[in-house]
Amino acid sequence: MQHDHRLAYKPWLWVVLFCVLFFLLLVIAIRQPGVQALDLRLVQILDPLRAPGAVAFFSKVTDLGSSRVLINIMILFIVYFLFRKHFLSAILLPIAFLAERPMNELLKSWVMRERPPFHHLVHARGYSFPSGHAMNAATVFGLLILLVVPLIKSKGLRIAWAVLGMAMILLIGFSRPFLRVHYFTDILAGYCAGGFLVGISAVVLIFVYNRKR
């Protein structure tokens, strides 16, 4: 039985390790002239797609990764978890988000990367790496996949929920370089930092579940 418990932890510990190592690799990579040039080029290459309708659409999408919107989404799901008597989920979701916000600011202050030197299509402040919106999305929607999927009985609905969560993460992430406020490497770093928190949350869930058995 103890061996089975260790096996349950193992994939999530690998997720945590991968996120840490890939994040550190990105920190090194963004100092390299070749990566910097590629990052700039990838933002510029989207210019033909930046029609007014597309900019309006992705401006709405990017709002879904803001703390203001995500707090409202989390409140709804905290009520849902309390109704379903999943008290740990109701606690874990806001705790992870409250840890993620200062963690993002700390990482930005450590790396101190300036934002792309282009006209920003939405307001953005502070440093660029890692993307706060990408980190927000990966943390909150990643946790909502992790916490809600086990509560859904239908296999089809479980898959649909996971796909919806991943689509939100990817669309919010893409919206940031599309709107010229981030590089793509900022987005990858935000995903890594958010994935790290989701992995730690999964380990906590497994630990508490095993203690109850």
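For the reader, a short list of remarks on this structure follows.
- Over the chain, relative contact order from alpha-carbon pairs under 8 Å, at least 6 apart, %: 34 percent
- Taking the stretch 130-171 and a reference point 7 angstrom along Cα→Cβ of Val204, the backbone N atoms nearer than 19 Å belong to 135-151.
- Distances between placed amide hydrogens fall under 5 Å for Phe118 paired with no residue 5 or more residues away or on another chain.
- For the stretch 149-213 versus the stretch 16-37, the gap between their alpha-carbon centres in whole angstrom: 20 Å
- Evaluating 6.51 cos²θ - 1.76 cosθ + 1.60 at θ = phi - 60° for every residue in the stretch 130-143, the Karplus couplings come out as x, 5, x, 5, 5, 5, 4, 5, 5, 5, 6, 6, x, 5 Hz, glycine and proline recorded as x.
- The string of couplings for the stretch 18-29 from the Karplus curve (6.51, -1.76, 1.60, θ = phi - 60°) is 4, 4, 5, 5, 5, 4, 5, 4, 5, 4, 6, 4 Hz, one whole number per residue in order, with x for Gly and Pro.
- Rounded to the nearest whole Hz, the Karplus-based 3J(HN,Hα) values (6.51 cos²θ - 1.76 cosθ + 1.60, θ = phi - 60°) of the stretch 61-69 follow the sequence 4, 5, 4, 5, x, 7, 4, 4, 6, with x at glycine and proline.
- Mean ellipticity per residue at 222 nm, deg cm²/dmol - from DSSP H runs of n ≥ 4 across the chain, formula -39500 (n - 2.57): -26500 deg cm²/dmol
- In plain terms, the residue of Met168, Met135, Met103 with the fewest other Cβ atoms within 10 Å comes first and the most crowded comes last, giving Met103, Met168, Met135.
- Only Lys, Arg, Asp and Glu carry charge here, each on its Cβ (+1 for the first two, -1 for the last two); on that basis the chain has a dipole of about 600 debye about its Cα centre.
- Derived value for the chain: Kirkwood hydrodynamic radius 18.1 Å. Basis is the mean of 1/r over every pair of different alpha-carbon atoms.
Every number in this text was worked out from the coordinates using simple rules, so none of it is lab data. If you're wondering where the values come from, they're calculated on a predicted model, not measured in any experiment. Note that each Cβ is placed from the backbone with ideal geometry, even for glycine, and that neighbours are counted across all protein chains shown.
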